[in-house]
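Step one of this worksheet: look at the structure below.
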Amino acid sequence: DVNAYIGWMSGKLIFENQPLSKVVTRLERWYDLTFNVEGVNIRERKLTATFSQRQPLEEVLDAIAMSLDLTYVKHDGSFTFKQ
């Protein structure tokens, strides 16, 4: 889906059945932060979601965590998703 790749032009992050490993890569670029994922099986969980540039980071992370049945923690300026 082309919208997933050009959504940034309209201020949106669009994920269509993307593994968490790719989601965190785009989040790192979007927010200029470091994201980690604990566990190989977690990295492969798929996410379909659309986020607006105006959404607070915590709202985006809460939605991802809830959608993929994960938690996340902040430590020294980076975020880690885990089981």
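The values are calculated or read from the model by the stated rules, or taken from the named source; none is laboratory data. Quantities reported herein were computed from a predicted structural model and do not represent experimental measurements. Backbone-built Cβ (ideal geometry, glycine too); neighbour counts: all protein chains shown. Quick note on the areas: whole protein, heavy atoms, side chains included, nothing else; ligands and nucleic acids left out. Shrake-Rupley method; radii C 1.70, N 1.55, O 1.52, S 1.80 Å.
Identify, please: which residue in the stretch 5-29 is over 19 Å from R43 (Cα atoms) and assigned to a helix (DSSP H, G or I) and is, among those, modelled with the highest pLDDT? Filtering the stretch 5-29 for residues that are over 19 Å from R43 (Cα atoms) and assigned to a helix (DSSP H, G or I), the one modelled with the highest pLDDT comes out as S10. Are any residues in the stretch 10-54 open to solvent by 20 Å² or more (accessible area, probe 1.4 Å), within 19 Å of S78 (Cβ to Cβ), touching a residue at least 12 places away in the same chain (Cβ under 8 Å) and within 12 Å of the chain's Cα centre (by Cα), and if so, which ones? S21, R26, W30, Y31, L33, T34, N36, V37, R43 - these are the residues of the stretch 10-54 that are open to solvent by 20 Å² or more (accessible area, probe 1.4 Å), within 19 Å of S78 (Cβ to Cβ), touching a residue at least 12 places away in the same chain (Cβ under 8 Å) and within 12 Å of the chain's Cα centre (by Cα). Scanning the stretch 39-83 for residues that are assigned to a loop (DSSP other than H, G, I, E, B) and more than 24 Å from I14 (Cβ to Cβ) returns G39, D76, G77, Q83. Number of residues in the stretch 55-83 that are open to solvent by 90 Å² or more (accessible area, probe 1.4 Å) and polar (S, T, N, Q): the value is 1.
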